[in-house]
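Read through the structure below, which is laid out as structure tokens, and then see the notes.
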């Protein structure tokens, strides 16, 4: 059988007679043709910081998430201290980026991490561990442990955000590069769902950090009886989230559904306890403090449900059959 390839595609990929191409069969039955010649697939972006008043970090993050291998920050005059501080913040909040060259008027940042070398599950697991540690440490402080357990809340939150950025970057590269997609053992649907899960975990991490901060600030105002709601929900949430993370790839539908039902029940119980909270005779300051903590616990449970639904989406996608 002979298949003709579009001339425009041949020219765009700089192919000539005798070059070898890859043909891959997709789940849908379609064939994907990819060039195999060793041409550069590196991408770069240049940002003129002199033309910006604010927002450099946002542009750097945007370039990072889009999969840029090289980011050059340039200026007609010497790059200011403020810009250098922004670049330092960017490097702190991301993974796998380093300054290769700094000439005073140009700073060249390169990626030193191959996106196909680190499985997405590694970053998801790391986010889970950081979130669990924040919530469980807050729980222990309410039980009487030293608040020093929560002295690094901001650093743990920063690490959660950095892992989410890394997952989104890898997914962006995988969607553009079939080789990376194959090495990560993903299809496009599951790649996107991994990015969704990373975002869900980041939001869960935001509320875990908020909970930890509230405990540090308000522990002297709130009830610390961990045997009643909302604090009683924390160990149950922790076990449900652990179950979901462990089932990311085994995908036992019954276990995932049971974890989701557990979280749904928890939310209903927390909402009921919140309604009863305002009928008490506590001071307004104490009532508001306890409600803030309850709200954060309720929200981390809600994001756990979103996590379960993303896993079910991936499970059903794997079961699709052509008819």
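The values are calculated or read from the model by the stated rules, or taken from the named source; none is laboratory data. Only a predicted model underlies this, so the values are computations on that prediction, with no experimental measurement involved. Cβ placement follows ideal geometry from the backbone for every residue including glycine, while neighbour counts extend to all protein chains displayed.
What number of residues within the range 241-251 are out of contact with any helix residue (DSSP H, G or I) (no Cβ under 7 Å at 6 or more places or on another chain) and surrounded by 13 or more Cβ atoms within 10 Å (Cβ to Cβ)? Counting residues in the range 241-251 that are out of contact with any helix residue (DSSP H, G or I) (no Cβ under 7 Å at 6 or more places or on another chain) and surrounded by 13 or more Cβ atoms within 10 Å (Cβ to Cβ) gives 2.
Count of the range 76-91 residues, restricted to those that are in contact with a helix residue (DSSP H, G or I) (Cβ under 9 Å, 6 or more places away or on another chain), surrounded by fewer than 12 Cβ atoms within 10 Å (Cβ to Cβ) and under 29 Å from residue 156 (Cβ atoms), is 1. Selection of the range 97-112 for residues being outside any strand (DSSP E or B), in contact with a strand residue (DSSP E or B) (Cβ under 8 Å, 6 or more places away or on another chain) and free of Cβ contacts under 8 Å to residues at least 24 places away in the same chain yields only 112. Considering only residues that are in a strand (DSSP E or B) and modelled with pLDDT of 80 or more, look in the range 13-42 and name the one that is surrounded by the most Cβ atoms within 10 Å (Cβ to Cβ). Checked the range 13-42; the qualifying residue surrounded by the most Cβ atoms within 10 Å (Cβ to Cβ) is 35. Number of residues in the range 157-189 that are in contact (Cβ under 8 Å) with a residue 60 or more places away in the chain, buried (at least 19 other Cβ atoms within 10 Å of the Cβ), farther than 23 Å from residue 42 by Cβ and over 8 Å from the mean Cα position of the chain (by Cα) equals 0. Can you confirm whether the range 200-214 contains a residue that is closer than 25 Å to residue 111 by Cα, touching a residue at least 12 places away in the same chain (Cβ under 8 Å) and either under 18 Å from the mean Cα position of the chain (by Cα) or part of a loop (DSSP other than H, G, I, E, B) (or both)? Taking every residue of the range 200-214 in turn, at least one turns out to be closer than 25 Å to residue 111 by Cα, touching a residue at least 12 places away in the same chain (Cβ under 8 Å) and either under 18 Å from the mean Cα position of the chain (by Cα) or part of a loop (DSSP other than H, G, I, E, B) (or both).
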